[in-house]
Structures are given as structure tokens and as C-alpha cells.
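Beneath this line is the structure, given in C-alpha cells, with notes to follow.
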Amino acid sequence: MSRGKALAIRALGPYGGSAPGYRLTTFLIDGESSLDAGCLTDALPLAAQRRVRRIVLTHAHFDHIVSLPMLVENLYGNGRPLEIVAPAPVLSSLSRHVFNDRIWPDFRRLPSRARPAVSFLPFAVSHVVPAYGYVVSKPGRSVVFSGDTEPTDLLWQAARRARNLRAIFLEVSFCDAQAAVARASRHFTPRMIAAALPKAPPRVPVYLYHMKPPSLARIRREIAALGEPRLKLLESERSFRF
Ligand SMILES: [Zn+2]
Ligand SMILES: [Zn+2]
């Protein structure tokens, strides 16, 4: 049963999605919010960039923020404030290390009090820097984004609590042969997903993203070998309506 307006999510990739592995995390939500900002300015024409009102960040790693400075510059003087929404540890990293008038000018604006139609509820996950997943919801529907994380029950607790959950977007970064690197950098491999999947709410599709390009071909084979129809590799641009 669905009530209210659909949640429109576009997984964006640079160069029309032709870069392999869906690596630079960017999920455009209802055209006006973006979960992470890996490739907004590469993927969207200027007119579409101008419709973006808020950037919601999972963490401050470069692959999630790389287009943010250019977006802030493109929208400067646009008349509408661009909100940057993230838990305090993420915002303070951005202030200290990016928008510090050395790497990039600090021309962000303060978050406005506008209430978005979509709500973004962060929950802590487990990565090498402070990092958060999000429950993104609208009346009658929600989806969960893991952000960058190693396996953690915090993710599945958030997913089980989410009401009317339609999909989980889960990171997978390395192939199983790279498990040691994945553990050290706190990411998932396909085998870790197989071990964690029984904790996920049943029957909800799980879209996998954030594959490192050198691991992509193996990840594809390893996910296929799991024979789990819920798992879908998100390799290029795609639009969803939930
Ligand atoms: Zn990261
Ligand atoms: Zn990342």
C-alpha cells in the first residue's frame, strides 16, 4: 500500500554513468536533495544543479564530496541557500579541511529552516572516519543508505526500524580476495554481504554500490555466484521510484 508522492531517486554517475563501478557516491532525491556529492557537477547540467537545494553527507571522504566545492561555486548567488546537512563531525571536517579559505573559499551558507518534504535520519555506522547511513523517508515509504561502512548491526537495526522500507542501498567496495584491505579500510566484500544478509529485513531489494574499479569484475562474479536474487549491482546511472 502506498500513500503520498513517490520517492524519486536517481543514482548518478559521471559522464552519463559510463565510469565503471558507480564509484563516486551521488544519489539525487526528488531532484532537490543529494545524498553525497561525488559527481553532481559532472553528472548534471547547470540547470539541474540549480534545482539542488541540499546536500546530505554520509561522511567527509573525498569520493563523497569531490563535486561539492564546484557545486557551491556554481550555485553561489543563485538566490537560494544550499544547505549542507550532516552530523557535526562531518561538518567540522569539511570546515577544517575543505572550506577553509585555503583549499576552497568558505562560501557555504547556513542551513535554512525550510522543512524538506523528504526526511533524512542519520544513524552511525562503522568506517575509518565518523560516518553515517541514512533512513530517507516520505509518507508511506522509506529507503536506507548504508554510506561507507564495514559490517555492523547498527545498519540492520536502522533498516528493521524503518517503516515501509522499499530498498536498501548497500556499499560493497572490494572483492573477496581483497578482504584484508576491506577490513583495514572498513568496507564490505561480497562474502561479508552474504554473512550479513540474514539480518536484513526479508524481501527488501538490496542495491550494491561503491565498487572500487579494480575489484569490479570480481565483485560482479562473486555477487552472481551467491545466487541471491535480492542483491542487485548498481553499475551505472539508474532511476528509481519508490
Ligand atoms: Zn569512505
Ligand atoms: Zn567512499
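Scan segment 121-135 and tell me whether some residue there is modelled with pLDDT of 95 or more, within 26 Å of Ala8 (Cβ to Cβ), within 16 Å of ligand 1 (Cβ to nearest atom) and part of a loop (DSSP other than H, G, I, E, B).
yes
Please give the strands (runs of 3 or more DSSP E) falling wholly within segment 182-242 in which 2 or more residues are free of Cβ contacts under 8 Å to residues at least 40 places away in the same chain.
206-209, 231-233
Could you tell me which residue of segment 144-175 is nearest to ligand 2 (Cβ to nearest atom), considering only residues that are within 10 Å of His187 (Cα to Cα) and out of contact with any strand residue (DSSP E or B) (no Cβ under 7 Å at 6 or more places or on another chain)?
The residue in question is Ser173.
Could you count how many residues in segment 216-237 are touching a helix residue (DSSP H, G or I) at 6+ places or on another chain (Cβ under 8 Å) and either at pLDDT below 95 or of a type in the set (Asp, Glu) (or both)?
6
Considering every residue within segment 58-75, establish whether at least one is more than 16 Å from ligand 1 (Cβ to nearest atom), in contact (Cβ under 8 Å) with a residue 40 or more places away in the chain and either closer than 30 Å to Met192 by Cα or of a type in the set (A, V, I, L, M) (or both).
Within segment 58-75, none of the residues are more than 16 Å from ligand 1 (Cβ to nearest atom), in contact (Cβ under 8 Å) with a residue 40 or more places away in the chain and either closer than 30 Å to Met192 by Cα or of a type in the set (A, V, I, L, M) (or both).
Looking at (1) polar (S, T, N, Q); (2) surrounded by fewer than 18 Cβ atoms within 10 Å (Cβ to Cβ); (3) closer than 22 Å to Pro87 by Cα, find the lone condition where Thr149 falls short.
Thr149 satisfies every listed condition except (2).
Looking only at segment 171-181, which residues are touching a residue at least 24 places away in the same chain (Cβ under 8 Å) and either surrounded by fewer than 21 Cβ atoms within 10 Å (Cβ to Cβ) or touching a His at 6+ places or on another chain (Cβ under 9 Å) (or both)?
Glu171, Val172, Ser173, Phe174, Asp176, Ala177, Gln178
For segment 190-242: of the residues being charged (D, E, K, R) and within 22 Å of Ala162 (Cα to Cα), which is surrounded by the fewest Cβ atoms within 10 Å (Cβ to Cβ)?
Among those that are charged (D, E, K, R) and within 22 Å of Ala162 (Cα to Cα), it is Arg203.
The values are calculated or read from the model by the stated rules, or taken from the named source; none is laboratory data. Just so you know, these numbers come straight off a predicted model, no measurement behind them. All Cβ positions, even for glycine, are placed from backbone atoms using ideal geometry, and neighbour counts span all protein chains on display.
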